[in-house]
1. Could you check the range 1-11 and list, in sequence order, the residues that are more than 12 Å from the chain's Cα centre (by Cα) and at pLDDT 95 or above?
2. When the residues of the range 101-142 are narrowed to those that are acidic (D, E) and in a strand (DSSP E or B), which ends up surrounded by the most Cβ atoms within 10 Å (Cβ to Cβ)?
3. Specify the residue that is nearest to the ligand (Cβ to nearest atom); the eligible residues are those in the range 80-94 that are surrounded by fewer than 15 Cβ atoms within 10 Å (Cβ to Cβ) and at pLDDT below 90.
4. Among (1) modelled with pLDDT of 95 or more; (2) closer than 18 Å to F10 by Cα; (3) away from the ligand (no atom under 16 Å from the Cβ), there is one condition I56 misses while meeting the rest; what is its number?
5. Taking the residues in the range 47-79 that are more than 9 Å from the chain's Cα centre (by Cα), part of a helix (DSSP H, G or I) and not acidic (D, E) as candidates, determine which candidate is surrounded by the most Cβ atoms within 10 Å (Cβ to Cβ).
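The values are calculated or read from the model by the stated rules, or taken from the named source; none is laboratory data. A quick note: this is a predicted structure, and the numbers were derived from the prediction, not measured. With ideal geometry, Cβ positions are generated from the backbone for all residues, glycine too; neighbour counts draw on all protein chains shown.
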Amino acid sequence: MTEAERDPIFILDGPGSMAALRRWLTLIRDQRYPELPDDKLDELRLIATELAANAIEHAAGPRVVRVVSCSHGNVIVVQVDDASGGLAPCRGRSRLPADRGRGLTMVAGMAEWGVCYHPDGKTVWAAADVTGRPCGCLSAAS
Ligand SMILES: [Zn+2]
């Protein structure tokens, strides 16, 4: 991971911030990953909005979305911080209606994901290979 630039963050402010989150991800792509094709941008948008929706529905704020990448630019990691440490997201199991709650299964089809707990809450992260050029960073993305 490079520390050369500050990692961009997006503050989630309720369900109304989803459209702004999608626009922000497009901006991040244009500014930092201009070679990223539209289909990979779409994947990142799906991953980020799913993790963000989980944080808004199940976790306390402040909630922050961060996008980082490995130094090779092959692996992009979406991280969503929240202030709820005790409730881990469960893949494929949900208290939500049947048409919701499968999001993490969908995310798992596109990315590796996991949860890191820390004293202020947790970070749910998902790491996606966006170039198809293996660099060895994916399994170390957390
Ligand atoms: Zn890498």
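1. Within the range 1-11, just I11 meets the criteria.
2. Of the range 101-142, the ones acidic (D, E) are 112, 120, 129.
Okay, now just the ones that are also in a strand (DSSP E or B), so 112, 129.
Numbers: E112: 17, D129: 19.
Among them, the one singled out is D129.
3. A88
4. Checking I56 against (1) modelled with pLDDT of 95 or more; (2) closer than 18 Å to F10 by Cα; (3) away from the ligand (no atom under 16 Å from the Cβ), the one that fails is (1).
5. In this case the residue turns out to be A55.
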